[in-house]
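Below: one structure, written as structure tokens.
Taken together, the values in this text are just the output of simple stated rules run on the coordinates, not laboratory data. These numbers come from a predicted model, not from an experiment.
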Amino acid sequence: MMSVDTTVCINIRSVLTTTYRGRFAPTPTGPLHLGSLVSAMASYLEARRHQGDWLLRIDDIDQTRCRPSLAEHIVQTLHQFGFRWQEPVQYQQQHQTYYQQALHQLQQRGLLYACDCSRQQLRHTAVYPGTCRELARPNAPGYALRVRTDQRLIHLHDAGQGPRQQRLSDTCGDFIVRRRDGLIAYQLAVVVDDYQARITHVVRGADLLDSTHRQIYLQQLLQYPIPHYCHIPLVLDPDGKKLSKSTAAMPIEPTRPLPALRTAWRFLQPTSPPSTLRNEADFWHWAIQHWTYPKRG
């Protein structure tokens, strides 16, 4: 188990500056679709371009939505498509101790407070108004935990979308890091996961662009190194909506990898794979040689 004391943080930063480590982190709420494949391919080829490591993590912390059978299906599908990861597959369910350590660190510094506001109460506001901030609610079952935000400007130098900045107190306010049902919220879980895995580069879809400022804020509070970020354009359906499991996006066919790999490549790059490629092994050999960094969307 990795401590987060100053010495370890310095050692981690040293590793981060010399070794590329990327990852793909799907949520097992449905089978992989084209949008998932595009994100996986971009992160995979960036890691290969840098001769770095590429890790697979299953983001299954929300047991009310995630299914173990789908997690297994995703892992098998990626393997059939020719993706190869350098370390054993990680599962968020296995990281509860790390999450609790991060919560404790934030709590000890007075950065968290309990909140019993419901979604119904907050349905008309995009920025949390601080209702429970000074009420000293108990840290007990049935209460969420929010992290206090401040007036600092969070800067993001995104390789895919260009420079961005947010002041969280204006855009979202104090946000949840532990839900009312006791589950760790996505924003904290992904920050801790990436830290523990020593991730240096995060390549993912632009739908997570706004979340990144909250993640950078948590990284700053926890004194974690901040990865390099690249958010790639989303794959949209004919109506201009993001492909997602919640909208029943057509899953990719695991038994026919090559056509789907070709389609994903054409979304990411201006060139087309040659017709002489016979299988997924041929595709990856060619793709690694011809990959260029995703351009700004």
| query | Once you have the alpha carbon radius of gyration of region 119-193, what is it after dividing by 2.2 N^0.38 Å, with N set to its residue count? | reply | 1.26
| note | Summing -39500 (n - 2.57) over every DSSP H run of at least 4 in the chain, dividing by its residue total and rounding to the nearest 500, the 222 nm mean residue ellipticity is -11000 deg cm²/dmol
| message | Compute the distance from the alpha-carbon center of region 110-135 to that of region 206-228, in whole Å. | response | 21 Å
| query | Among (i) 67, 41, 30; (ii) 67, 44, 36; (iii) 110, 52, 38, which one is Cα extents along the principal axes in Å computed from these coordinates? | reply | (ii)
| said: Under the 0.36 nm per residue contour assumption, what length would be gained going from the current alpha-carbon distance of Thr171 and Glu134 to full extension? | reply: 11.3 nm
| note | Which of Leu135, Leu103, Leu70 fluctuates most in a GNM of the chain (C-alpha springs under 10 Å)? That residue is Leu135
| said: Would you work out the Kirkwood radius for region 62-165? I mean one over the mean of 1/r across all pairs of different Cα atoms, in Å. | reply: 18.1 Å
